[in-house]
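Everything below concerns the one structure shown next.
The values are calculated or read from the model by the stated rules, or taken from the named source; none is laboratory data. Quick caveat: nothing in here was measured; it's all calculated off a predicted structure. Here the Cβ is made from the backbone with ideal geometry for all residues, glycine too, and neighbour counts use every protein chain on show. Keep in mind that these areas ignore ligands, DNA and RNA; they rest on the heavy atoms of the full protein, side chains included. Shrake-Rupley method; radii C 1.70, N 1.55, O 1.52, S 1.80 Å.
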Amino acid sequence: MRVVRRFLSPRLQVLLAIAITLLVGHSSQASLRLSQDVVPVYQEIELRVDPDAREFRGWTRVELRVDRPVTEIQFHALDLTLDTLTLTTPGRAVSLEHSVAERGLVTATGFEPLEAGNAELVISFHGLFDTTALGMYRLDRDGQGYVLTQFEAEEARKAFPCWDQPIFKIPFQLTLTVPEKQLALSNTPITRESTSDGWKTVVFERTPPMPTYIVALAVGPFETVEIPNMPVPSRIVVCAGQTGMTAEAIRQSPPILKALEEYFGRPYPYRKLDLIAVPEYWYGAMENAGAITFRESILLKDPAQLTMSGRRSQASVLAHEFAHMWFGDLVTMEWWDDLWLNESFASWMGDKTVAEVFPEYRIDVSGVHGTNGAMTTDARPSTRVMRQAVDNTETLLQSADDLAYNKGQAVLEMIERWIGPEPFREGIRRYVREHEWGSVTAADLWGALSVASGSDLAPAMSTFLDQPGVPLVHAEILLDGRMRLTQKRFANFGIEHTELPMWQIPMVIKYADESGMKTQRVMLDTESQTVELPAEGPVRYLLPDHDAAGYYRWSVPPEMLVELAKNADAALTPRERVSFLGNVSALLDAGEIHGDDYLRVLGEFADDPEPQVVSTMMGGLSKVHAAFVPPEMEDQFAIYVRKTLGPALERFGMSRRDGEDEIVSTYRPQLIEWLADEGKDPVAEAYAESLAAVYFQSPESVDPALAGTVVGIAAGNGDRALFEEFKRRFEAAETPADRSLYLYSLGEFEDSALIEDALAYSLAGPLRPQEAMAIPGTLMDQPGQEDRIFRWMLDNFDAFTAKMPPQFRAFMPFIASGCSAERLAAAQEFFRRPEYNVPGTDKQLAKVADQVKDCVGLREREGEAVRRFLMQYAASE
């Protein structure tokens, strides 16, 4: 599964990352796991599905293997009515009684002790379609009904009785009876069809072994477009009228899948591949075997609105989900405590594939942001271990966070750099070859990588996966020319972390001597280590993380840090410069450098030629604004912004130039927005306003990459007439891009009365479930509006959360994020109330509290130094 979000400001990205994520908790596994005394070996499922009805009916036959005598059989069925249950053993059939416990745990009884051997369980059932985009759910689009599924993590039990846990990996055969004019699809090709009395019965091929969470079906008036040049029959499946937005996914899919087949050394594992665009969907995409579902804004791109950012995000999600076909589907985790491994590997493999197939996207550079974000989370007391026991499925959506995706990806990247790409790939191939169609634990992967590399990797992996936190490595050159490395747990200022064992850190050091740049490999496995550097003459400076492939923070003596910043363009690659800025930001949090020095370092990158480095610099400016810039300092900060970002906009230009590097178009909108808003640059603001006027009259004449920025800036100064026009355009939007553009822009209006109307619209307007946070989330990003939106969210909490699945309420403490101790205290009081303290709330509140305390502490500690710097800077201009 891929969790993705619309590109927004850094603060709103944090809010949405918290609010829209998958859920995984921990305690004692035994209470959750079904017994393996009786296990399924094959299951047939027949469903009668009408997308225009509220109810569905079904029948299932499960072949069982009984390994030891039992008097009861347990399986899952949630929110289903089980009409009949019949157990058949050789020579006898018995009707069963049943009871249903928490989370749909069914216990079937009423038979004499069942001896070891084979048996068969047949169940007829019926239930209601879900309407919150989970389980088997229905939706309406343009007056027509559709049925789709989202079964991860334990939602398959809402569609049919099953053994709804990943270790039970069995073949399924699905039969759907649907209205004759509807398209029906599932994980496998159709083997036969028949029609009668306006209904069509579709029988799908038996699947290879798979867990329930990647079973999928879809029914509705879908349209399809074939994808040529694929190894198996492939198509894109869309709601009626959307086939014109499939060309980019058709272009990208074949080379991505081909590159993955070559990497794994094994063909794509399934008989067909459908890519399904879904209008109501909480996540980015889901790796259902042979039937991948995507949020339609990811999969469908209007050719007239296509941007490099959109192409890059689409390629990233396609590659992530395609990688899951091998890693997660062909080879599956035994239990949810290894969910991180599924997602970490797919993220790592997906980015690696996109970097190979579409190098122009420079995803190898942008991926460093994810590592920096994970280390920020990992530095706080509320962090968690990567590999943890899962025993509370009510909060099974809380561990697929930035650690599961980004920390795990970074650790895999670090190990690959250490042992080398070829041994790493051989280890992955061995792992897939030995465990295909089976279930595994993380130890199986480490074992395969260790064999391929010739060294035991498990101890090093354990220090990153089985203990929380991130190490800090200090590197210095001694008088005799040797390098001394020391490690400790990284901590933000004032935090006392629990002492942990030393990490085993595979490092590659980059350093400059008289002959140029060199590298040195080191395994730092003690608190302090001295290393010989084969240098010619004195070492001028060193970078403790060559190629930004390590999962650790680092520090060097202050004078060396300054030297690195001044020579960054020549001495560091774009990846290393992005990592450098993230690392300096972390050193500010830790109290290792001061706020004025941080601003000086940012200023050293004003002339950086790489747009992604400039984007990282803007992230640093956003941090400075949130922590240090009260209203009375806005003018002084604006001068610093214009001086720091102005050179980049001058280099890149406010409009697209002939022959320019296309990556520039991805970051130009940020530059214009920063200079117009925080920089108060009249030229940038006037340009955005004029371009917005052109866009409203003739959208096709404006660079689509700039549309969101200029429309948002226009909304900031907009009146009621413009507000009503945005609502009209949102409701009439025919493309996902237009719908998103105008929805989010409704949260950009600054007029007080219009803010109230926008908030009311977020509750009463025709928004899809996953769109509920768009307007209030955007408004929270407006300076000075945080408290107002926070109070509105509390006042409307029940109505607002009624739009989302119940388990998502655990994430709502994110509304207190920011830099206000008072707002945090109010949230803590509110979420202590039993009716709002659902499982997982306390953990989420702890994460928010850590973030707020870090920001407040940083402001108290460094605010005066930043104020003096900005005052002096403004006076000197």
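The test for being outside any helix (DSSP H, G or I) and either hydrophobic (A, V, I, L, M, F, W, C) or over 25 Å from the mean Cα position of the chain (by Cα) (or both) holds for M804. When we screen R425, R380, R387 for residues that are part of a helix (DSSP H, G or I), basic (K, R) and either open to solvent by 10 Å² or more (accessible area, probe 1.4 Å) or modelled with pLDDT of 90 or more (or both), the only hit is R425. Out of L485, L445, one residue alone is open to solvent by less than 10 Å² (accessible area, probe 1.4 Å) and in a helix (DSSP H, G or I). It is L445. Can we say D142 is at pLDDT below 95 and in contact with a Gly (Cβ under 8 Å, 6 or more places away or on another chain)? Yes: the conditions hold for D142. Scanning region 158-212 for residues that are of a type in the set (A, V, I, L, M) and within 32 Å of the chain's Cα centre (by Cα) yields a count of 8.
Of all residues assigned to region 183-198, none qualifies as being open to solvent by less than 30 Å² (accessible area, probe 1.4 Å), in a strand (DSSP E or B) and in contact with a Pro (Cβ under 9 Å, 6 or more places away or on another chain).
Under the condition of being more than 13 Å from G290 (Cα to Cα) and without any contact (Cβ under 8 Å) to a residue 60 or more places away in the chain, which residue from region 200-219 is surrounded by the most Cβ atoms within 10 Å (Cβ to Cβ)? Ranking the candidates gives V202 first.
Just checking, does region 723-745 include any residue being within 24 Å of the chain's Cα centre (by Cα), part of a helix (DSSP H, G or I) and of a type in the set (K, R)? It would help to see each step written out before you state the result.
If we filter region 723-745 for residues that are within 24 Å of the chain's Cα centre (by Cα), which is where we start, we get 735-745.
Those still in the list that are part of a helix (DSSP H, G or I) too: 736-745.
Right, trim to of a type in the set (K, R) and you get 739.
Yes, that holds for at least one residue.
Where helices (runs of 4 or more DSSP H) fall entirely within region 239-340, none has at least 3 residues that are buried (at least 24 other Cβ atoms within 10 Å of the Cβ) and free of Cβ contacts under 8 Å to residues at least 24 places away in the same chain. Among the residues making up region 685-722, those that are polar (S, T, N, Q) and part of a helix (DSSP H, G or I) are S690, Q697, S701, T709. Taking first residues from region 724-747 that are more than 17 Å from A692 (Cα to Cα) and partners that are of a type outside the set (D, E, K, R) and open to solvent by 50 Å² or more (accessible area, probe 1.4 Å), the Cβ contacts under 9 Å between residues at least 6 apart in sequence or on separate chains come to E731/P766; E734/G241; T735/A304. Checking F160, F168 one by one, the residue that is open to solvent by less than 10 Å² (accessible area, probe 1.4 Å), part of a loop (DSSP other than H, G, I, E, B) and touching a residue at least 24 places away in the same chain (Cβ under 8 Å) is F160 and no other.
Please note which strands (runs of 3 or more DSSP E) are completely contained in region 28-143 and include at least 2 residues that are of a type outside the set (V, I, T) and free of Cβ contacts under 8 Å to residues at least 12 places away in the same chain.
On the way: elements: 38-48, 55-66, 73-76, 80-89, 92-95, 97-100, 105-109, 117-128, 135-141.
The qualifying strands (runs of 3 or more DSSP E) are 92-95.
Touching a Pro at 6+ places or on another chain (Cβ under 7 Å) and under 14 Å from S762 (Cβ atoms) - does that describe any residue in region 798-810? Yes - at least one qualifying residue is present in region 798-810.
The single condition among (1) open to solvent by 20 Å² or more (accessible area, probe 1.4 Å); (2) in a helix (DSSP H, G or I); (3) in contact with a helix residue (DSSP H, G or I) (Cβ under 6 Å, 6 or more places away or on another chain) that E822 does not satisfy is (3).
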